[in-house]
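The values are calculated or read from the model by the stated rules, or taken from the named source; none is laboratory data. Computed from a predicted model, the values in this text were never measured in an experiment. Counting neighbours? That spans all protein chains shown, and the Cβs are built from the backbone with ideal geometry, glycine included.
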Amino acid sequence: MGSYYNPVKIKINKIDVIEDVLNTINPQLRNIVLLHRGGDFSQSEAGCSLYQCLEDVEVKQLEVNISNPDVEDLFHYYKQIENFDYQCIVGIGGGSVLDLSKSLAALKGMEIDSSSTLRSIIKQKLYIENQNFVPWIGIPTTSGTGSEVTCWATIWDRANGVKMSVDWEKIYAHTAIIDPTLTATLPKGLTASTALDALCHATEAYWSKSSNEISRIYSLEAIKKIVNNFEKVFNQPNDLTLRNEMALGSLYAGLAFSNTRTTACHSISYPLTLELGMVHGIAASITLAKVMEINFDSIIENEKLLQAFGVSSCSEIQELIEHFHQLSGFSSSLKDYEANEEIIETIAANAFTKGRMDNNPVALTKEDVTQILLSIY
Ligand SMILES: [Fe+2]
């Protein structure tokens, strides 16, 4: 039983396939907004190919040199393009770039005079009334986010200490271009943290209340690819075959959780990031095995999940994740992120994001979350 839906066209190809994609969207396309990481992007091979493909259109570039975009950041980028009549957005980068691209696609043409207006628009989901939204193309340069195949974007509201979402079924990307060569220069730490994020997407999708026969297949394949290649790609970062496997692992994970969303680990990760500044993939993976232990008896075909990880128990998964953390220079203990009892209480109290925590197969209480956090302190 169950249903599966994902409308994103996926091109596993070189970046210059974008020319055909833009033609499919609209052969008369005039104005495009291009979001990228900045720095040396324009001199990079990917940048040069992309600029060549976009030669015939007017391009407004936005350099995104921040991570975990806040509502203030989104407003800042929105103001830069509000008077530019763009018909399409192209985002090339990691999760932050793709989430901003998606959000700006949804907000096109809306009247937004301040960041507090924008905050209200996001909170009240007023963008779903917007008829002027535009298509966007997602080109991930990390193997982890899955944002190129999901219909939501994370926008933080640090002033109020919460995570918000722009979440609308009309803002799936028109096309995702998966070009694994773009990830070949990704630094080791980012390779690891984004892979761990994808591993959590796949695993949480597997046990999510909304999982189904199709999403579970994507989950298992994603887990196998990520686990089997994690250490190899870490040691041979320039090996394109390995990068390809990791890109597919991340894509499959994205396809799995695009239909199920995430669960307790992601829900707990948001206050871990807000309170302790933890990198997203580490914040999500640090509780993965502990939550799995609690969920285990409620997981459909739980043996298949262990097999995909190549282990025979949840405690072995804990060891595996700790090994991945150690390899990539991250600690698996909260005390190393300057947590203390008081902060753990705050994190536990703020770990209940709607649509995430209540998507966990076992209902967790604040006390359960505190216990999980203390067990990795
Ligand atoms: Fe994530």
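See the values below:
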| item | result |
| --- | --- |
| Condition broken by Leu62, with the remaining ones in (1) modelled with pLDDT under 95; (2) not in a loop (DSSP other than H, G, I, E, B) satisfied | (1) |
| Selection within the range 256-269 - surrounded by 22 or more Cβ atoms within 10 Å (Cβ to Cβ) and either of a type in the set (Gly, Ala, Ser) or away from the ligand (no atom under 14 Å from the Cβ) (or both) | Ala256, Ser258, Ala264, Ser267, Ser269 |
| Helices (runs of 4 or more DSSP H) lying entirely in the range 221-334 (those with 2 or more residues that are at pLDDT 95 or above and touching a Cys at 6+ places or on another chain (Cβ under 8 Å)) | 264-276, 280-285, 288-295 |
| Meets criteria (closer than 14 Å to Thr145 by Cβ, assigned by TED's automatic domain parsing to the domain that holds Ser333 and away from the ligand (no atom under 11 Å from the Cβ)) for Leu272 | no |
| Unmet requirement for Asp56, which otherwise passes all of (1) over 15 Å from Thr175 (Cβ atoms); (2) modelled with pLDDT of 95 or more | (2) |
| Residues of the range 130-144 that turn out to be closer than 13 Å to Ala247 by Cα and in contact with a Ser or Thr (Cβ under 7 Å, 6 or more places away or on another chain), as a count | 4 |
| Residue match in the range 300-315 (condition: surrounded by 19 or more Cβ atoms within 10 Å (Cβ to Cβ), without any contact (Cβ under 8 Å) to a residue 40 or more places away in the chain and within 16 Å of the ligand (Cβ to nearest atom)) | no |
| Count - residues of the range 39-72 that are in contact (Cβ under 8 Å) with a residue 60 or more places away in the chain and within 14 Å of Leu104 (Cβ to Cβ) | 2 |
| Some residue of the range 90-99 being under 23 Å from Thr181 (Cα atoms), modelled with pLDDT of 95 or more, of a type in the set (D, E, K, R) and part of a helix (DSSP H, G or I) | yes |
| Verdict on Tyr206 being in contact with a Leu (Cβ under 9 Å, 6 or more places away or on another chain) and either in the same structural domain as Glu341 (by TED's automatic domain parsing) or hydroxyl-bearing (Ser, Thr, Tyr) (or both) | yes |
| Residues (surrounded by fewer than 20 Cβ atoms within 10 Å (Cβ to Cβ) and among the polar types (S, T, N, Q)) located in the range 93-132 | Ser114, Ser115, Ser116, Thr117, Ser120, Gln124, Asn130, Gln131, Asn132 |
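Residue-wise test of (1) hydroxyl-bearing (Ser, Thr, Tyr); (2) away from the ligand (no atom under 16 Å from the Cβ).
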residue: Gly94; (1), (2): no, no
residue: Met110; (1), (2): no, yes
residue: Leu118; (1), (2): no, yes
residue: Ile139; (1), (2): no, yes
residue: Thr150; (1), (2): yes, no
residue: Asp157; (1), (2): no, yes
